[in-house]
Structure formats: C-alpha cells, structure tokens
1. Would you please classify the overall shape of the stretch 2-73 from the alpha carbon gyration tensor, given that a ≥ b ≥ c denote the square roots of the eigenvalues, rounded means a/c under 1.5, and beyond that prolate means a/b larger than b/c while oblate covers the rest?
2. Tell me, what ³J(HN,Hα) does each residue in the stretch 7-13 have, in order and in whole Hz, if you take phi through Karplus 6.51 cos²θ - 1.76 cosθ + 1.60 with θ = phi - 60° and put x for Gly and Pro?
3. Counting Lys +1, Arg +1, Asp -1, Glu -1, what net charge surrounds SER16 among other residues with beta carbon under 10 Å of its beta carbon?
4. Can you list the HN-Hα couplings for the stretch 35-51, worked out from phi with the Karplus curve (6.51, -1.76, 1.60; θ = phi - 60°), rounded to whole Hz and with x for Gly and Pro?
5. Between ARG47 and ASP7, what is 0.36 nm times their sequence separation minus the Cα-Cα distance? Round to one decimal in nm.
6. Can you list the residues, at least 5 places off or on another chain, whose amide H is less than 5 Å from the amide H of GLN72, using H built in the peptide plane?
Amino acid sequence: MITEFLDQMLPLREASHAQVEHYGVDIPMRYSECYAKLVDGRIVRLRNSRQFIGWTGMNGSRCLLFADGDQQIELRRSVDRGFEINKPERGCKFVARDGSLLYTS
C-alpha cells in the first residue's frame, strides 16, 4: 500500500500517512514547509523537513516534490481534486522522477 511506502520513505513526525486527510505547503519565513493535516485535525510535518524539495502550481493544479537519497517523488493533483491519498475517489498520483507511476487513486 502507498501509505506504508510513504511511511518508510517520507516519515511524518508522530503520525502515519494512513492518517492523512490532505497535504499542503506553508511558507512561514523564507523557506517553504510541507505539512499533513490528519483526520483528527492535527497538523504534522515530515520527520526530515529537507526531504521536501518544493512545489509547482498553475491554475489550481499543484505538484509537491520530495527526495529520499537518490529517489525523487512527485505528488500530483488535478485542478478539481486534492492530495487526499486515503480517499479512492480523489485523483492523487505519486510519480517517480523517471516518469514511472508509483501509485494513483
């Protein structure tokens, strides 16, 4: 399952990706930070914040970029859908930088 893969590759602080309602980006100072909002309302961040490389966004579409060593992963969403990986009706994709599709919901 994709949440187990994410828990290994991009661990969250005191939470699992299985608990995530959606992902977002904060820009508290000069650097952006990825956060995850959990189903219980808590906001958590990556255990290693340096794994979040950045994001792109255009016309409501957004892509989050993460890295773990040599491997880079994109989380993509369409204009009308969110980053909710735990809801099969949502259109969320994890794509390796080489273009191979790792997961889609």
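1. On the way: a/c = 1.43, a/b = 1.14, b/c = 1.25.
In terms of gyration-tensor shape, rounded.
2. Listing the rounded values in order: 4, 7, 7, 10, x, 8, 6 Hz.
3. -3
4. With coefficients 6.51, -1.76 and 1.60, one gets 10, 10, 9, 8, 4, 8, x, 5, 10, 10, 10, 4, 4, 10, 4, 6, 6 Hz.
5. 13.4 nm
6. ARG97
Just so you know, all these numbers are worked out from the coordinates, no wet-lab data involved. Please read these numbers as outputs of a predicted model, since none were measured by experiment. Cβ coordinates were reconstructed from backbone atoms using ideal geometry, including for glycine residues, and neighbour counts include every protein chain displayed.
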